[in-house]
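Here is the structure we will look at, set down as structure tokens.
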Amino acid sequence: MAELLLLLTLDENLPFTVSLLIMFLIAVLEFLSLLFGIATHHLIDNLLPESFQVDADVDIDSSVFVKALGWFHIGKVPVLVLLLIFLTSFGISGLIIQNIAIRVVSILPSFVASVPAFLLALVLVRVSGKFLARIIPKDETSAVSEDSFIGKVATITVGTARVGQPAEAKLKDQFGQVHYVRVEPEVETDILPAGTQVLLVKKNGNVFFAIKNTNELLAN
């Protein structure tokens, strides 16, 4: 343990230590956000162009950037998950490389050790993304415009929705695909706990306003 702590505190290992620290902080923030009813990984994914989220393997755009995103399976796997994999892989790979270097010759400058660690992390993101894309349900992608969700019934899944405090809800579009959205009550006095079925009536930014669904014919 003492040897590991010493390795983490060496100046030459600063990029790898910082990478692992950022990974840990993101994980903690994601956990806390879930406690307050906000799933940040869905919010980040919603920043992607809708056409790209349908299928990252489709050649929607010939640009190198879009093709690179598809190579990492972004659009099929939550961006936050891939980011955590990259930060963890980069940090651990760098520390392993430096540990081997210390035993063989001497510790490497951080920028020298960062190159193979970065490349290895990219490969691990690609491999992990390919594996996760196979096991993550395909119906969690966004294939239609969110504006079409207005008038649909959603179910609160995480948190309790209050005015000014949106919660996460899920709904199915006309193709049977599942989508996750942020919802808060349209009526100030309404409180919508997890499990409540609501009717989406309007959208402001990335938040939908909803009322309680009282029509059994519209049950989700």
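Points worth noting:
- Within the stretch 161-197, the residues that satisfy the criterion of being β-branched (V, I, T) and assigned to a strand (DSSP E or B) are V178, V181, V183.
- Residue check for V104: surrounded by fewer than 13 Cβ atoms within 10 Å (Cβ to Cβ) and either out of contact with any strand residue (DSSP E or B) (no Cβ under 7 Å at 6 or more places or on another chain) or at pLDDT 85 or above (or both): yes
- Selected residue (criterion: nearest to P78 (Cα to Cα)) from residues of the stretch 180-204 that are crowded, with 17+ Cβ neighbours inside 10 Å and hydroxyl-bearing (S, T, Y): Y180
The values are calculated or read from the model by the stated rules, or taken from the named source; none is laboratory data. Since the model is a prediction, treat every value here as computed from it, not as a measurement. Cβ coordinates were reconstructed from backbone atoms using ideal geometry, including for glycine residues, and neighbour counts include every protein chain displayed.
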